[in-house]
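S.K.: A single structure is presented below for examination.
Quick note: the coordinates plus some simple rules give every number you see, no bench work behind them. If you're wondering where the values come from, they're calculated on a predicted model, not measured in any experiment. When we count neighbours, we look across all protein chains shown, and the Cβ atoms used for this are built from the backbone with ideal geometry, even at glycine.
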Amino acid sequence: MTSSPRFQPARAAGRQRYRPAEHSGVVFDGGFWQSWTETVRNVTIPTQHKRLEEEGFLEVLDFDKPAGPLVRPIQPSGLSMQHFFDSDFGKWIEAASYTLKVHPNAALEAKIDAIVEKLEKGQMADGYLNSWFIRREPDRRWTNLRDLHEMYSMGHLLEGAVAYYEATGKRRFLDVMIRAVDHIIATFGAEPGKLRGYDAHEEIELALVKLYRVTRDPRHLKLATYFVDERGRMPSYYDEEARKRGESPDDYVYKTYAYSQAHMPVRDQHQVVGHAVRAMYLFSAMADLSHENDDPTLKEACDRLFDNLVGRQLYVTGGLGPSASNEGFTREFDLPNETAYAETCAAVALGFWSHRMAQVDLDSKFTDRLETVLYNGALSGISRDGEHYFYENVLESHGQHRRWKWHYCPCCPTNIARFITSLGQYFYSTDDHQLAVHLYGTNSAELTVGNSFVRLIQETLYPWDGDISLRFAVERPSRFQLRLRIPGWCRQAQISVNGVAVDLDQCVTKGYAAISREWRNGDEVRIGFSMPVERIYAHPAVAEDGGRVALRRGPVVYCIEETDLGSEPQRLRLPASEEISARYDAALLGGATVLEGTALEADITDWQNALYRTAPASLKERPFTAIPYHLWANREPGAMAIWLQEV
């Protein structure tokens, strides 16, 4: 297998950007993430390809055959999930490619090549590529950007092509997608004769930035910039487009273009609205472009929107988007638990955005959110066996929620797969003079700081324990600044270098401790983060959680399941003075720290057939065990709750 040239992002004049670690240069050789990454590589990737075959997805790429019956029927809205099947091929190829970079696999490569061959064969002479429109409605291509996801699908294919090229050095897929991008460049833009439109489901924008960082073709960056700058310009392109189709814009099912963040120019937006996944993809592209174009106005918009999300619209798990009706946001502080939508894709995409923001502005407020998502709201989307999933990640259930092996709209399985298989890039970043450690977990990393090669060995039981060791191996003594994230959840931290304590009062900026010195072979940094069990309370405006408390230890949010309690946890009352202990349980789903304590439970034995009465239920003591939220629904079905009433 040949290697592609090392990726070196372009740098805008006058602005430094951190470079994420090569994901393949970070190996999880023990600890928490080893088992997860191995499960995704050995189980998730193969079974997802099997599902694509079983569910009839791959059939849509048989361009030389008449189109068969719809795998996903047309909905009343006029949309079929089949309109964007291509996006799932792109995400699966991307996830698989990340594993190939570290673990060559000829059989897996052959599966990817088979898909690429079909895509190349079906691509139209002008470069257009979308299996639905080529096979079923070639005369309707580019007639409904508002609803039909054409560039969204091409964007995911493009991301897959970049990842496959970087993993194998093979250009075939990349060249196919560059031809598709050439077609989009020829079709869309502000120039006379072009369509002045943009896809309602963002994704192509961030994919184009990835492509630009490989090709250095300024046209690719210009196109990404156009799509972001054009979004929300009035009068709306979607209105014009609808009229051309003979439809009234007033008949739009979502009624407002806030659904796709196209209700006003992006720089004027102050509140995160609409479809959650679309918003996170858009903001990810804005963060990238703020650097590539040296555009502080995009960074300012991202900062406002990030603070709005985290301060008013984010679940304690890092989940986002409470509503199923628009797969997104409703109003500020609306965070229902049992009906939470909190799509897995949205949490993954928040991870993308948070990470990108940290490369432009090294601030732990961004990487804290990345960590919250990683250990909670995104990881809950995949089962411990690696082949069952959640689309929605509720925070409370009465037993009606079950994991499934595939979904009517299976965007989430491939999204969580590509997130986990590319995990290494999220742990570290470097620039010419600094090495930033964002996340903690056992791994060995090969990094470059300026012209210096650094091998870093991280050993820890994190997230179950806050003790961390970082050991350095360098080619020669190298002077650079080490930046260590102090998690926002940590109330007490200690850091030492070769046994000498670091004065954190003097060296922490934006949540990162800075240690500048000449690093030598064998240098060791020891980190200690205190990890007591904490009680978390919601803002008073979150009415659903009034009088309730959630439990967290370190970065992990906990829940109580009926399978441990023997009854529904919704009947529990947690005394405010109750001491809760932590215990590592090696037998629980591969091993995890659980929380234990005594709560009060409403006694229903003396209610007989009464639904109401004039005396409240009596309370009895009841021991409980809480498990990490990301592990729920992996055992017997039953009720679950994160937020408990406190007395």
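S.K.: Could you work out the relative contact order of region 285-343, using alpha carbon pairs under 8 angstrom and six or more residues apart, expressed as a whole percent?
M.R.: Across region 285-343, relative contact order equals 24 percent.
S.K.: Along region 201-210, what does the Karplus equation 6.51 cos²θ - 1.76 cosθ + 1.60 (θ = phi - 60°) give for ³J(HN,Hα), rounded to whole Hz, x for Gly and Pro?
M.R.: With the stated coefficients, region 201-210 comes to 9, 4, 3, 4, 4, 6, 5, 5, 5, 4 Hz.
S.K.: Over region 20-172, what portion of Cα pair distances is larger than 27 Å, expressed as a whole percent?
M.R.: The calculated P(r) of region 20-172 puts 28 percent of pairs beyond 27 Å.
S.K.: Oh, and also: Give me, ordered by chain and number, the residues 5 or more places off Thr593 or on other chains with an amide H under 5 Å from its own placed amide H.
M.R.: Asp585
S.K.: Right, another one. Which of the listed residues, Leu335, Gly441, Ser325, is farthest toward the dipole's positive end in the chain, when Lys, Arg count +1 and Asp, Glu count -1 at the beta-carbon?
M.R.: The one lying farthest along the dipole's positive direction is Gly441.
S.K.: Let me ask something else. Of Arg41, Arg520, how do they rank once you tally other Cβ atoms within 10 Å and put the fewest first?
M.R.: Arg520, Arg41
S.K.: Next up: So what J values fall out for region 145-162 if you push phi through Karplus, 6.51 cos²θ - 1.76 cosθ + 1.60 with θ = phi - 60°, rounded to Hz, Gly and Pro as x?
M.R.: 5, 5, 10, 10, 6, 5, 6, 4, 5, 5, x, 5, 4, 5, 4, x, 5, 5
S.K.: Return the inverse of the average 1/r over all pairs of distinct C-alpha atoms in region 533-646, which is the Kirkwood hydrodynamic radius, in Å to one decimal.
M.R.: With all distinct Cα pairs of region 533-646 included, I get 15.1 Å.
S.K.: Pairs to check: Lys65/Lys244; Lys121/Lys170; Lys50/Lys365; Lys111/Lys210; Lys101/Lys222. Give those whose C-alpha atoms are more than 28 Å from each other in this structure.
M.R.: Flagged as over cut-off: Lys65/Lys244; Lys50/Lys365; Lys101/Lys222.
S.K.: On to the next question. Which residue, Met154, Asn393, Gly351, has the largest displacement toward the positive end of the dipole of the chain when charges sit on each Cβ (Lys, Arg +1; Asp, Glu -1)?
M.R.: It is Met154.
S.K.: Counting other beta carbons within 10 Å of each Cβ, put Cys302, Cys490, Cys409 in order, fewest first.
M.R.: Exposure proxy ranking, most exposed first: Cys409, Cys490, Cys302.
S.K.: If contacts are Cα pairs under 8 angstrom and at least 6 residues apart, what is the relative contact order of the chain in percent?
M.R.: Answer for the chain is 13 percent.
S.K.: Further question: Between Lys121 and Ala106, with labels modelled 7 Å along Cα→Cβ, what's the label distance in nm to one decimal, could you check?
M.R.: About 2.3 nm separates the two model spin labels.
S.K.: Also, I was wondering about something else. For Asp294 and Ile74, what does the FRET efficiency come to when R0 = 35 Å and r is the distance between their Cβ atoms, rounded to the nearest 0.05?
M.R.: It comes to 0.20.
S.K.: Which of His398, His201 has the fewest other C-beta atoms within 10 Å, and how do the rest follow up to the most?
M.R.: Ordered from fewest to most neighbouring Cβ atoms within 10 Å, His398, His201 come out as His398, His201.
S.K.: Now for a separate question. For the chain, what is the charge dipole size about the Cα centre, in debye to the nearest 20, if Lys and Arg each add +1 at the Cβ and Asp and Glu each add -1 at the Cβ?
M.R.: Dipole of the chain, to the nearest 20 debye: 1160 debye.
S.K.: Can you tell me how the chain classifies by the Cα gyration tensor, rounded, prolate or oblate, using a/c under 1.5 as the rounded cut?
M.R.: oblate
S.K.: Moving on to the next point. Toward the positive end of the charge dipole of region 30-74, about the Cα centre and with charges on Cβ (Lys, Arg +1; Asp, Glu -1), which of Phe57, Val71, Pro46 goes farthest?
M.R.: Pro46
S.K.: How far is it, in nm, from the label point at Leu589 to the one at Glu524 when both lie 7 Å from their Cα along the line to the Cβ?
M.R.: The answer from the label model is 3.4 nm.
S.K.: Shifting gears a bit: Which length gain, in nm to one decimal place, applies between Arg141 and Asp250 when the Cα-Cα distance is subtracted from 0.36 nm times their residue separation?
M.R.: Length gained, Arg141 through Asp250: 37.0 nm.
S.K.: Relative contact order for region 56-176: what is it in percent, counting Cα pairs under 8 Å that are at least 6 residues apart?
M.R.: Relative contact order comes out at 39 percent.
S.K.: Can you pull out the GluC sites (Glu not before Pro) in region 558-647 that DSSP calls coil and that have at most 12 other Cβ atoms within 10 Å?
M.R.: Counting only loop positions with at most 12 other Cβ atoms within 10 Å, the GluC sites (Glu not before Pro) in region 558-647 are Glu579.
S.K.: Let me ask something additional. Hey, for a label at Ile457 modelled as a point 7 Å past Cα toward Cβ, could you say which residues of region 484-506 have their backbone N under 20 Å away?
M.R.: Backbone N within reach: 496-500.
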